[in-house]
Amino acid sequence: MTQDTLTSSKEFSTSSQLSATEGQSDSAPSGGRFQEHPSLQASDAATVNISTEKQTSRERLIQASVVIPQPIEQVWQVITDYERLADFIPSLTSSKLVKNSEGRIRLEQVGAQCFLKIKFCARVVLDMTENFPNKVSFCMKEGDFKQFEGAWYLEPATDNHGTLLSYSLRVKPPLAMPATLIERHLCHNLTQNLMAIHKRTLELAT
């Protein structure tokens, strides 16, 4: 997962909705820059809230959330169905469990998208830690980023009608990737991913 990817999904796409960050340079002053992006709404009324915080010149903290009108257990089933995530997460081309001698839940994900008019693929191998029913954390074992770690959080929605699904990602791209552009791409993809999880959860409930 998405996480994330998403995981969670970990892939990229362009976003006109999130163009507020476009003019910012990677060399801008660091230290806790917080930015809320416009809430985006799907056709079935799923609203995704997303924000970013600049930790250093190249490290970002990205957080997002959506309310899904289904029980926590149902949402958990969707986000931990690791090998089916690519079936419904946009731009996630592959998601598969990897056998390992450490007995971990290890997940390899590959995302593909056009990046600067060139088809770009990003690969991450994530160690997943499940704490049913409230948290799924992940940490990159290997991959195309300097840092890629975070978690999914599940809790009852404030009106007790459904689940508040939240996602937190701390990411640092390699020097070859412009950090500001990667931030925009990740934000847009994360919005799409949460909408896709919302839709998938409702489909499985019918």
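The values are calculated or read from the model by the stated rules, or taken from the named source; none is laboratory data. All of these numbers come straight from a predicted model, not from anything done at the bench. So basically every Cβ, Gly included, is an ideal-geometry build from the backbone, and we count neighbours across all protein chains shown.
Tabulated results
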read-out: From the options Ser101, Ser166, residue that is farther than 21 Å from Val48 by Cα and of a type in the set (S, T, N, Q); value: Ser101
read-out: Yes/no for Pro133 being part of a loop (DSSP other than H, G, I, E, B) and modelled with pLDDT under 95; value: no
read-out: Contacts under 7 angstrom Cβ, first residue in the stretch 89-104 being among the hydrophobic types (A, V, I, L, M, F, W, C), partner at pLDDT 95 or above and exposed (fewer than 12 other Cβ atoms within 10 Å of the Cβ), 6 or more apart; value: Leu97/Glu83
read-out: Test set (1) modelled with pLDDT of 95 or more; (2) more than 18 Å from Gln192 (Cα to Cα); (3) surrounded by 15 or more Cβ atoms within 10 Å (Cβ to Cβ); (4) not polar (S, T, N, Q) - Pro173 fails condition number; value: (1)
read-out: Test: residue in the stretch 144-158 that is at pLDDT 95 or above, over 24 Å from Glu53 (Cα atoms) and among the charged types (D, E, K, R); value: no
read-out: Test: Glu108 is surrounded by fewer than 16 Cβ atoms within 10 Å (Cβ to Cβ) and assigned to a strand (DSSP E or B); value: no
read-out: Yes/no for Val67 being closer than 24 Å to Leu202 by Cα, surrounded by 15 or more Cβ atoms within 10 Å (Cβ to Cβ) and more than 15 Å from the chain's Cα centre (by Cα); value: yes
read-out: Cβ-Cβ under 6 Å pairs, at least 6 apart or on other chains, the stretch 54-81 side farther than 28 Å from Pro174 by Cα and modelled with pLDDT of 95 or more, far side among the polar types (S, T, N, Q) and surrounded by 18 or more Cβ atoms within 10 Å (Cβ to Cβ); value: Ile68/Thr163; Ile68/Thr201; Gln70/Thr201; Ile72/Thr163; Gln74/Thr201; Val75/Thr163; Val75/Thr201; Val78/Thr201
read-out: Qualifying residue in the stretch 180-194 (condition: part of a strand (DSSP E or B), surrounded by 18 or more Cβ atoms within 10 Å (Cβ to Cβ) and under 12 Å from the mean Cα position of the chain (by Cα)); value: no
